[in-house]
Each structure stands twice: as C-alpha cells, then as structure tokens.
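Comments concern the structure below.
The values are calculated or read from the model by the stated rules, or taken from the named source; none is laboratory data. Owing to the predicted nature of the structure, the values given are computational and were not obtained by experimental measurement. So basically every Cβ, Gly included, is an ideal-geometry build from the backbone, and we count neighbours across all protein chains shown. Remember, those area values only see protein heavy atoms, side chains included, never the ligands or the DNA or RNA. Shrake-Rupley method; radii C 1.70, N 1.55, O 1.52, S 1.80 Å.
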Amino acid sequence: MITHIQGKLVEKNPTDVVIDCNGVGYFLNISLHTFSQIPDQEALKLYTHLIVREDSHTLYGFSSISEREIFKLLLSVSGIGANTARTMLSSLSPQQVKEGIAHGDVALIQSIKGIGAKTAARVILDLKDKVLKVYDIDEVSVNKNNTNKDEALSALEVLGFAKKQAERVVDKIVSKQPDATVENIIKEALKNL
C-alpha cells in the first residue's frame with residue numbers, strides 16, 4: 001500500500017526513524033544495515049513495507065529496494081516474523097543473506113540470534129530457488145546485460161505483455177545493443193510489441 005516515504009528526517013535511532021512528510025510524522029522500523037546507509041541530512045527517502053495486524057499497523061523502512069525484497073522473501077518463510085527478518089538484515093547485509101541462502105550456508109543463517117538449525121534449514125529450503133531465480137546468483141558471473149534484460153522483461157510483464165513475446169523482442173534488442181540501459185530496452189520493446 002505504501003511503497004516509499006520521502007521527507008525530512010526528524011529522528012534517527014539504530015532501530016527506527018521518524019520522517020516528517022508534509023506535516024505527518026511516520027515512524028519506521030529499520031535494520032542496522034539501513035541505519036548505516038542513512039545520510040545525516042534532512043532529505044530522506046526510504047522504501048517501505050506495511051504490515052497490518054489486528055492490533056497494529058507497522059511500517060518497516062529500507063535503504064534499497066533489494067533489502068525490502070529480501071525482507072519480504074524472509075517473511076514468506078514459516079517461523080520468520082518481521083522482527084526476526086529485521087534481525088537478519090541487521091546482522092548481515094542483504095547481499096550476505098542472498099548469498100548465504102543461494103549457497104545453502106546453514107551455519108551463516110543459524111549464526112543470527114533467534115534462528116535455530118531447523119529454521120535456518122527451512123529458510124534455505126524455502127527461498128533458495130527464489131533467490132537463484134530472481135538474482136541469477138547460480139551463474140558464475142552476473143552479466144550486467146542479463147540484469148538489464150531481466151529488469152526490462154519484468155517491467156514489460158507488469159505492463160501486461162506476454163512473457164514469450166516480450167522475451168523475443170528484448171533478445172533482439174540486446175543482441176543489437178549489448179550495452180543498452182533498462183530504460184532503452186523497454187522503450188525499444190514498446191515500439192516493437
């Protein structure tokens with residue numbers, strides 16, 4: 001529902017921030033990773049995830065979309081709540097969490113406070129395929145063009161184009177212009193779809 005909040009940083013603590021957005025102060029729970037990424041200046045934009053429960057509406061803030069996506073993936077695992085997911089992102093960087101899951105590193109995931117061997121194994125079992133698919137970690141080197149191509153394909157799917165048709169058009173564009181940006185790939189694809 002609320003995808004990001006941009007405004008004036010009013011209060012900054014290791015676990016939360018308050019952002020004034022047009023006279024309304026939003027309290028956002030954050031990880032230590034996000035805390036370390038927040039500059040000490042007034043203007044601030046954080047990507048958010050809203051969790052609605054019977055007794056509360058809680059906003060979580062993230063310095064990057066990638067961190068928010070990892071948080072959402074972690075929430076999809078049985079036994080992992082918002083606080084545990086936030087602790088994971090406070091103990092490890094989003095990149096370390098992604099790589100730990102992708103490489104099946106149970107010890108790394110289990111090293112986080114509050115996560116036992118069974119939960120660590122469940123996190124890896126539930127998320128390994130998703131992480132490998134979404135972030136292309138299983139490839140030895142992540143090719144920049146693949147990332148741009150994948151982002152463009154994802155955007156075209158969201159716009160309602162059929163995946164196979166969009167893939168054919170995007171493949172042609174990438175073969176002609178290997179260094180094309182995501183925006184250029186999408187613009188060219190829209191002309192040809």
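Here are a few things to note about the model shown:
- Part-to-part distance (alpha-carbon centres) for the range 11-74 and the range 166-193, which is given in Å: 34 Å
- Subset of Lys128/Lys163; Lys133/Lys191; Lys72/Lys113; Lys72/Lys118 violating a 26 Å alpha-carbon distance limit: Lys133/Lys191
- 20 Å Cα-Cα reach of Lys172 towards aspartates and glutamates, excluding residues that sit fewer than 8 places from it in its own chain: Asp150, Glu151, Glu157, Glu183, Glu188
- For the pair Asp20 and Ser66, the difference between a 0.36 nm per residue extended length and the Cα-Cα distance amounts to 14.2 nm.
- Figure note: Ser111, Ser154 ranked by solvent-accessible area, largest first, 1.4 Å probe, ligands and nucleic acids not counted: Ser111, Ser154.
- By average C-beta atoms within 10 angstrom, highest first, the peptides 155-163, 115-123: 115-123, 155-163
- Tilt relative to the chain, helix 144-158 - C-alpha long axis, 0 to 90 degrees, to 10: 80 degrees
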